[in-house]
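The values are calculated or read from the model by the stated rules, or taken from the named source; none is laboratory data. All values reported here derive from a predicted model rather than from experimental measurement. Cβ: placed from backbone, ideal geometry, glycine included. Neighbour counts: every protein chain shown. The area values use the complete protein model at the heavy-atom level, side chains included, leaving out ligands, DNA and RNA. Shrake-Rupley method; radii C 1.70, N 1.55, O 1.52, S 1.80 Å.
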Amino acid sequence: MEQQRSSQRKTLTGVVVSNKMQKTIVVHVDRLMKHPRYQKIVKRFNKFKAHDEKNEAKIGDRVIIEETRPLSKDW
């Protein structure tokens, strides 16, 4: 009996903050979370490096990135 694997990959939406590398962009992804003690909604962010084969993305563009297996030492 085979196990079924979920083929759903996480997708995140963010804004391009850097495109100075060759074929790589840095994407700023915001998320909202509730503070554990004070119960206030606070904004947190992560920066992810993403592959951009044709160097099409410009700073300020809204992009969707999708998770994959690790391909480099950075991410």
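Data table
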| read-out | value |
| --- | --- |
| Of residues in segment 24-71 being of a type in the set (Ser, Thr, Tyr) and not in a strand (DSSP E or B), the one most open to solvent (accessible area, probe 1.4 Å) | 38 |
| Long-range neighbours under 8 Å by Cβ, at least six apart or interchain, first residue of a type in the set (Val, Ile, Thr) within segment 62-75, second open to solvent by 80 Å² or more (accessible area, probe 1.4 Å) | 64/11; 65/11; 68/9 |
| Hits in segment 1-23 - residues which are modelled with pLDDT of 95 or more, surrounded by 10 or more Cβ atoms within 10 Å (Cβ to Cβ) and under 18 Å from residue 66 (Cβ atoms) | 12, 13, 14, 15, 16 |
